[in-house]
Amino acid sequence: MNLIKLVENVEQWSINKGLDKAESSKQFLKVTEEVGEVAAALARDDRVALQDGIGDVLVTLIILGQQNGLTLEECLQMAYNEIADRRGEMVNGIFVKEEDLKEV
């Protein structure tokens, strides 16, 4: 199944469950809970749990966007537009923006 159809399926599931009208702050708690599961999967080097956790993070973010009248596509496009021409360096395995390098 393609990404667009998967996102549409998540959005419809959310509508069916009434999550699209739920409180965003509660949904953000779900986002952070799922991010924690990603961290646990990485700590345990558990690829299956990592794949599930990343998927769960995406689901919770799609719903969070939906609750606020935002689409995954427009949020991702905005983020990409910000990073497309970004310069920086890898420092200790982390990409650091050029403007933040003087602080490192």
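Read-outs throughout are calculated quantities, based only on the coordinates presented, and are distinct from any laboratory measurement. In this text, all values refer to a predicted model and were calculated from it rather than measured experimentally. Please note: Cβ atoms are built from the backbone with ideal geometry, for glycine as well, and neighbour counts cover all protein chains shown.
All but one of (1) surrounded by 10 or more Cβ atoms within 10 Å (Cβ to Cβ); (2) without any contact (Cβ under 8 Å) to a residue 12 or more places away in the chain; (3) among the aliphatic types (A, V, I, L, M) hold for Leu101; which doesn't?
(2)
Does any residue in the range 26-55 that is aromatic (Phe, Trp, Tyr) come within less than 6 Å, Cβ to Cβ, of a residue that is surrounded by 15 or more Cβ atoms within 10 Å (Cβ to Cβ) six or more places away or on a different chain, and which pairs are these?
none
Which is surrounded by 11 or more Cβ atoms within 10 Å (Cβ to Cβ), in contact with a helix residue (DSSP H, G or I) (Cβ under 8 Å, 6 or more places away or on another chain) and outside any helix (DSSP H, G or I), of Glu89, Glu37?
The match here is Glu89.
Report the residue count in the range 11-25 for those that are under 16 Å from Leu61 (Cβ atoms), part of a helix (DSSP H, G or I) and in contact (Cβ under 8 Å) with a residue 24 or more places away in the chain.
The number of residues fulfilling the criteria is 5.
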